[in-house]
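**Q** This structure is in structure tokens; I'll ask about it shortly.
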């Protein structure tokens, strides 16, 4: 079997880094803090590589003793390494490592350097706990932990009110999903008498398929999906992710693009044996994913903040993955998760590089012509855009193609889902190249010539010699660009003649998730090729349209915008969903808690009762005090009065 | 033989006199004597009833009351003397340091 790396070492290293930097980081130079943070992650990455290298056919389970033992309820500290968690651990540590290196350059000179790296390392600890956990409860610990780190890092610039608010929003919105997750845990224990993957998953595989939507598996799956929609920013709980871009850019890249937000996809893929036995839940999953993908893509088309476009793109792409899970294409979903981690991290880091060069400017309408001054960023960003647009031979092409194919061909899929995916693919390539052309190609002069819009564009701030980022920031970009370019080949079914290394590697993880009873319909390879060509065509069309509208004839874009002014405004304002939520949920809750709970309950009922009781007591005391006049003869009178009362009482009572 | 009611009526008269003195007199020594009067009115009742019921309990109570009265007289007179030394007066209305 070879050498077995103790699994607990993998998450504990970043924890050690977080503890050291958090407690004593201030005593050391930025260099030392950064080196420690990067070093911990690098070691953890190497250990994950080793562990995955020696991973056998069966999942590796390591138990470190009991955690909770209450009667028959027993939960252990145990880690679980199978191909699925192996892939996740590699992505988390690998992409995390590159982003950490980048952040060393990006955060240089910013305040809170050790706080930043402590939080980042802590995030990696929780994320690794999440993906390596051997039972649902330990997974939940990681799940909540990454939420905490996400909150801390979104609100990193806590002096800015909107950043602090965005942190709170992210935390509260994901809590709604976590509630569903928690109930799912209870139901899981209730149904399976265990929370260990090693027991639950085979047991679930032995369940009959639930045909009606009222069985325990369907309920568990839907509740887990609720948790996933919170964490992975799916409709209807996606609203926190666009605001999360207010954190530092490496955070957006690591947490809100590459790793944490894919936790929802991971939990669905992990629970795959449950899902395939609950077709109704599968349909809801596919629907949520497909609708999110399309919906977020349309918003991404008109946003003007570079990081917000990317945030909506992330939501849309995760919707893709969720849709893939919903059609039982778990392998394709995780494949897309990996490629997406590469190119989306790259896009965010590239955007960070641009923002860095322009001194904090994020509005793409004020950018342009950065191609010459930022050559490295330009070329790597282009690679990521092509990958997102799913162009051959970039990684996105393979994963995207697989998902679209499965959406059509899987027994759970259908033409409707496939069309949703296809339109999304077209929109994705359009918005990402709109962003690309506006940022790097159009010269600022042309931008300035565009008619000012609502809110008006200030005259473009002459970028004072935008400069390329230092090598420590460009090297991670190059590494990620190479991965975006080449990462997809491992999943190319045609290159490897029907059995690609990716499917072979990941297959054991989804053995139990074989669709029961149903045999996947055989489709000729020509059909699949035709579908790939079609999606390629759509992507090219999107790019072409973006080229036409923003490079060749910007005037057309303005005319279109003026023509569809109402629609443009609605989409620009994100379909007013935030306003809708504010009106329907936030305002009633705030009003209810301030008027009813605070003023009526707390102030009037509880405090009021106590105050009234105190006031009554003091008034009674004031009255009674007059009996003690200090006058001896009045005391005598009281004594006599008391005696008379006592005697008359006795006389009456006795007789 | 004198009937029981005579004793009880006399005792009630004595007790009422004592209570009235206790309430209305200002001189502290008079008040003190009124208290003694009340105590002895009660003693008279005890003795009368004890005789009437042919039981000794009442007599024993009387002894107790007399002992208490003697002790009280000793303490009370000592207090009165101290008060007089300090205030140069026996009027209770002027012993009013604690007055509201």
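**Q** So how many residues does segment B:1-29 have that are within 14 Å of another protein chain (Cβ to nearest Cβ) and either in a loop (DSSP other than H, G, I, E, B) or in contact with a strand residue (DSSP E or B) (Cβ under 8 Å, 6 or more places away or on another chain) (or both)?
**A** Residues flagged as within 14 Å of another protein chain (Cβ to nearest Cβ) and either in a loop (DSSP other than H, G, I, E, B) or in contact with a strand residue (DSSP E or B) (Cβ under 8 Å, 6 or more places away or on another chain) (or both) within segment B:1-29 amount to 4.
**Q** Within segment A:240-247, identify whether any single residue is surrounded by fewer than 21 Cβ atoms within 10 Å (Cβ to Cβ) and either closer than 19 Å to residue A:264 by Cβ or touching a helix residue (DSSP H, G or I) at 6+ places or on another chain (Cβ under 9 Å) (or both), and answer yes or no.
**A** No: zero hits.
Conditions tested, residue by residue: (1) more than 16 Å from residue A:240 (Cα to Cα); (2) assigned by TED's automatic domain parsing to the domain that holds residue A:308; (3) in a helix (DSSP H, G or I).
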{"position": "A:119", "(1), (2), (3)": "yes, yes, yes"}
{"position": "A:138", "(1), (2), (3)": "yes, yes, yes"}
{"position": "A:172", "(1), (2), (3)": "no, yes, yes"}
{"position": "A:175", "(1), (2), (3)": "no, yes, yes"}
{"position": "A:183", "(1), (2), (3)": "yes, yes, yes"}
{"position": "A:190", "(1), (2), (3)": "yes, yes, yes"}
{"position": "A:203", "(1), (2), (3)": "yes, yes, yes"}
{"position": "A:211", "(1), (2), (3)": "yes, yes, no"}
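**Q** A further question on this structure: Quick one: which of A:383, A:390 is closer than 24 Å to residue A:315 by Cβ, touching a helix residue (DSSP H, G or I) at 6+ places or on another chain (Cβ under 9 Å) and in a helix (DSSP H, G or I)?
**A** One residue alone meets the criteria, A:383.
**Q** Filter segment A:127-141 down to residues that are closer than 16 Å to residue A:42 by Cα and without any contact (Cβ under 8 Å) to a residue 24 or more places away in the chain, then give me how many there are.
**A** Total satisfying the criteria: 0.
**Q** In segment A:57-96, what residues are modelled with pLDDT of 90 or more and assigned to a loop (DSSP other than H, G, I, E, B)?
**A** If the condition is that a residue be modelled with pLDDT of 90 or more and assigned to a loop (DSSP other than H, G, I, E, B), then A:82 is the only one that fits.
**Q** Let me ask something else about it. Determine, yes or no, whether residue A:650 is within 14 Å of chain B (Cβ to nearest Cβ) and at pLDDT 90 or above.
**A** no
**Q** Which pairs have Cβ atoms under 7 Å, sit 6 or more apart or on different chains, and link a residue in segment A:98-117 that is more than 14 Å from residue A:152 (Cα to Cα) to one that is in a loop (DSSP other than H, G, I, E, B)?
**A** A:105/A:469; A:105/A:470; A:107/A:248
**Q** Would you confirm, using the coordinates I've provided, whether residue A:602 is loosely packed, with under 10 Cβ neighbours inside 10 Å, at pLDDT 90 or above, more than 10 Å from chain B (Cβ to nearest Cβ) and part of a helix (DSSP H, G or I)?
**A** In short, no.
**Q** For segment B:57-100, enumerate the residues that are away from chain A (no Cβ under 14 Å), surrounded by 13 or more Cβ atoms within 10 Å (Cβ to Cβ) and out of contact with any helix residue (DSSP H, G or I) (no Cβ under 6 Å at 6 or more places or on another chain).
**A** B:66, B:72, B:73, B:84
**Q** Looking only at segment A:59-80, filter to residues that are in contact (Cβ under 8 Å) with a residue 12 or more places away in the chain and out of contact with any strand residue (DSSP E or B) (no Cβ under 8 Å at 6 or more places or on another chain); which one of those is farthest from residue A:10 (Cα to Cα)?
**A** Only one residue fits best here, namely A:72.
**Q** Then there is this: Considering each of A:23, A:13, A:43 in turn, give the residue that is assigned by TED's automatic domain parsing to the domain that holds residue A:97 and closer than 19 Å to residue A:80 by Cα.
**A** A:13
**Q** Of the residues B:50, B:34, only one is within 14 Å of chain A (Cβ to nearest Cβ) and either within 17 Å of residue A:637 (Cβ to Cβ) or in a helix (DSSP H, G or I) (or both); which?
**A** Matching residue, one of B:50, B:34: B:34.
**Q** Let me ask something else about it. Kindly indicate which of A:581, A:635 is surrounded by 12 or more Cβ atoms within 10 Å (Cβ to Cβ) and either more than 30 Å from residue B:93 (Cα to Cα) or away from every other protein chain (no Cβ under 14 Å) (or both).
**A** On inspection, the qualifying residue turns out to be A:581.
**Q** Search segment B:50-68 for residues that are free of Cβ contacts under 8 Å to residues at least 24 places away in the same chain and pair each with any residue that is outside any helix (DSSP H, G or I) and loosely packed, with under 13 Cβ neighbours inside 10 Å when their beta-carbon atoms are under 8 Å apart and the residues are at least 6 apart or on different chains.
**A** Between residues of segment B:50-68 that are free of Cβ contacts under 8 Å to residues at least 24 places away in the same chain and residues that are outside any helix (DSSP H, G or I) and loosely packed, with under 13 Cβ neighbours inside 10 Å, the close pairs are B:50/B:56.
**Q** Being facing chain B (nearest Cβ under 10 Å) and surrounded by fewer than 10 Cβ atoms within 10 Å (Cβ to Cβ) is the filter here; which residues of segment A:612-626 pass it?
**A** The answer is A:626, and nothing else.
**Q** Does residue A:629 satisfy the criteria of being away from chain B (no Cβ under 14 Å) and free of Cβ contacts under 8 Å to residues at least 12 places away in the same chain?
**A** no
The values are calculated or read from the model by the stated rules, or taken from the named source; none is laboratory data. What you see is a predicted model; the values in this text were computed from it and never measured. Note that each Cβ is placed from the backbone with ideal geometry, even for glycine, and that neighbours are counted across all protein chains shown.
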